[in-house]
1. Under a Cβ-only charge scheme (Lys and Arg +1, Asp and Glu -1), can you give me the dipole magnitude of the chain about the Cα centre, in debye to the nearest 20?
2. Amide H of K43: which non-local residues (sequence gap of 5 or more, or other chain) have their own amide H closer than 5 Å, using H built in the peptide plane?
3. In whole angstrom, how long is each semi-axis of the equivalent ellipsoid of the stretch 1-88, when you take the square root of 5 times every eigenvalue of its Cα gyration tensor and sort them from largest down?
4. Averaged over every viewing direction, what's the projected area of the C-alpha convex hull for the chain? Give it in nm², one decimal, please.
5. Going by a ≥ b ≥ c, the root eigenvalues of the Cα gyration tensor, does the stretch 58-199 fall in the rounded group (a/c under 1.5), the prolate group (a/b larger than b/c) or the oblate group?
6. How big is the stretch 34-83 by the Kirkwood estimate over distinct Cα pairs, in Å?
7. Are there trypsin sites (Lys or Arg not before Pro) in the stretch 1-90 that DSSP puts in a loop and that have at most 12 other Cβ atoms within 10 Å, and which ones?
8. Which of the lysines could be linked to K235 by a straight reach, that is with a Cα gap under 30 Å, when you skip same-chain ones fewer than 8 residues away?
Amino acid sequence: MISLAFVLLSLALFALGAAIGSFLNVIIYRSVHNESWVVGRSKCESCHKQIKWYDNIPLFSYFWLGGKCRYCKTPLSLSHPVIEFMTGSLFVWWFWMGSLFFRLTQHPFSVIQPLFWLLVGLSLLIIFFADIRYMIIPDEAVAFLTILTLLYRITLTLAGVMQPIDFVWTILGTLIVFGFFFGLWKITRGKGMGFGDVKFAVPFGLLLGWPNVFIGTFFAFVFGAVIGLGLMAAKKKTLRQAVPFGPFLVISTIVTLVFGTHVWQWYSSLLQ
Ligand SMILES: [Zn+2]
């Protein structure tokens, strides 16, 4: 039975997530434009006029402004409401999953685990949207996710939740995928894959671990090929135009985190 408190808490978390999503948009914009994350109020990306607080309310403002800047009437990027909605949804999903699974873990992991996955989700959202909109994967997001995941894995290993040998295999898998991406980047001279994707291979590998990192890589190329061919068929892109690869890496990360183990079991059953 779902209680009223549960529904209200979900709504509050959605609003909080949407507000954080609005801030993520600022972080993405400032990262790719090499501006400070915290100094200065939000400005219109076109006329650079300061945005009033009442025009800066997540999700709502976009719609009551009709998707345009109040002053210069330049259309606002659809990425604003989309990222706000996605971040709100991430918080709600996280809360629902958390109230099912994280309760099973022992202290201090009952705190560390949900916090870790929420930060992973936010980092992946930043990378996804920055790459779609600006064809850039911010170094800050990659560095943050790498350090976060490394610390998490070390903590799990020290606490005996993870075996040290798994950690070694994970590092090895990460190096293999990093080398593979680096090779592709070299061979295609940056046309098939950006260097941001090569760097993203590190947190990608650490997060997925051995052997899921290979499943994730496989998924990313399948998704990339399907969507890339779809865009070409719809004549939205030509073969020579770059399609950012980061979003496919992010989607395959999530799909592999959720389904990777099943895929691996199915695949190894075929080999026996
Ligand atoms: Zn404007």
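1. Details: 19 positive and 9 negative charges, 193 e Å.
Charge dipole of the chain: 920 debye, to the nearest 20.
2. Residues meeting the amide H criterion: I51.
3. Working: eigenvalues 145, 47, 21 Å².
The three semi-axes for the stretch 1-88 are 27, 15, 10 Å.
4. Numbers: hull surface 73.5 nm².
Taking a quarter of the hull surface, the average projection is 18.4 nm².
5. Values: a/c = 3.63, a/b = 1.27, b/c = 2.86.
Oblate is the answer for the stretch 58-199, as a/c is 1.5 or above yet b/c matches or exceeds a/b.
6. On the way: mean 1/r = 0.0877 Å⁻¹.
Mean inverse Cα-Cα distance, inverted, gives 11.4 Å.
7. Qualifying residues, ordered by number: R41, K49, K52, K73.
8. Partners within reach: K68, K73, K186, K191.
Every read-out reported here was derived from the displayed coordinates using simple, explicitly stated rules and does not represent laboratory data. Fair warning: this is a prediction, and the values are worked out from it, not measured in the lab. Here Cβ is always computed from backbone atoms with ideal geometry, including for glycine, and neighbour counts include all displayed protein chains.
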